[in-house]
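Trainee: One structure, pasted below without further comment.
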Amino acid sequence: MPDTEVKNIEKMIAQEEKTDEKNLIHAIKDLKDASKTAFTSHKDVDKAHHDLDKALRREHDAAKAVNNATHAHERIQTDVEQAKERLSIKKQNEETLGKSKQRKQTLLDDARTRRDRKHEDREARMVQLHTHSATSGSESVSTTASPTVEPGHTQAPPTAGTVHKQVSPTAEQVSPTAPAKTA
């Protein structure tokens, strides 16, 4: 296999590596952002609890002086109801953000798994590429070895000028669990 083809394949593999790394960095950033938002939501819930306790204490004080402060008592009851509503809303928000954080953690774990699997595939292709380029010129490797494409993802087309060759598997390439092909 000519050196230019090997270099082109190596460039293609390096570009795949960069793309995977960018995707992973983006997933990590999303997780960090979700963690910050969930933490802020948790602080808001604590503050809402504090506000509710404070409103309940004020309601109790106002109830003692109900003969002199009927109007103030009603106003504070409204504050309590509003604090309860805010607490309920903030609890719902905390739950939603917690689920979002968990989903993003799962996406990050999946991205890491895909990155590792693709990295192993690329390493295997590089080893195979260098093994075949060092041996006789009559055997060659398909320069567009297709990695497994995950559902919902697309595979980039081969770069322009790439030569496509078909290769029959050698004895080293045949899986030990798969039966050997006979010609």
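We did not get these values from a lab; they are worked out from the coordinates using the rules stated. Treat the numbers as computed from the prediction; the structure is a model and nothing was measured. Note that we place each Cβ from the backbone using ideal geometry, even for glycine, and neighbour counts take in every protein chain shown.
Trainee: Assuming R0 = 30 Å, can you tell me the calculated FRET efficiency for the pair K22 and T135, based on Cβ-Cβ distance, to the nearest 0.05?
Mentor: Computed FRET efficiency for K22 and T135 comes out at 0.30.
Trainee: Label Q77 and K36 with points 7 Å out from Cα along Cα→Cβ: what is the distance between them in nm?
Mentor: Spacing of the two 7 Å Cα→Cβ label points: 4.4 nm.
Trainee: Could I ask something else about it? Using θ = phi - 60° and the Karplus curve 6.51 cos²θ - 1.76 cosθ + 1.60, what whole-Hz ³J(HN,Hα) does each residue of region 108-120 get, with Gly and Pro shown as x?
Mentor: Once rounded to whole Hz, the list reads 5, 4, 5, 5, 5, 4, 4, 4, 5, 5, 5, 4, 5.
Trainee: For K18, give me every one of the lysines with a C-alpha distance below 29 angstrom, ignoring sequence neighbours fewer than eight places off in its own chain.
Mentor: Partners within reach: K7, K29, K32, K36, K101, K104, K118, K165.
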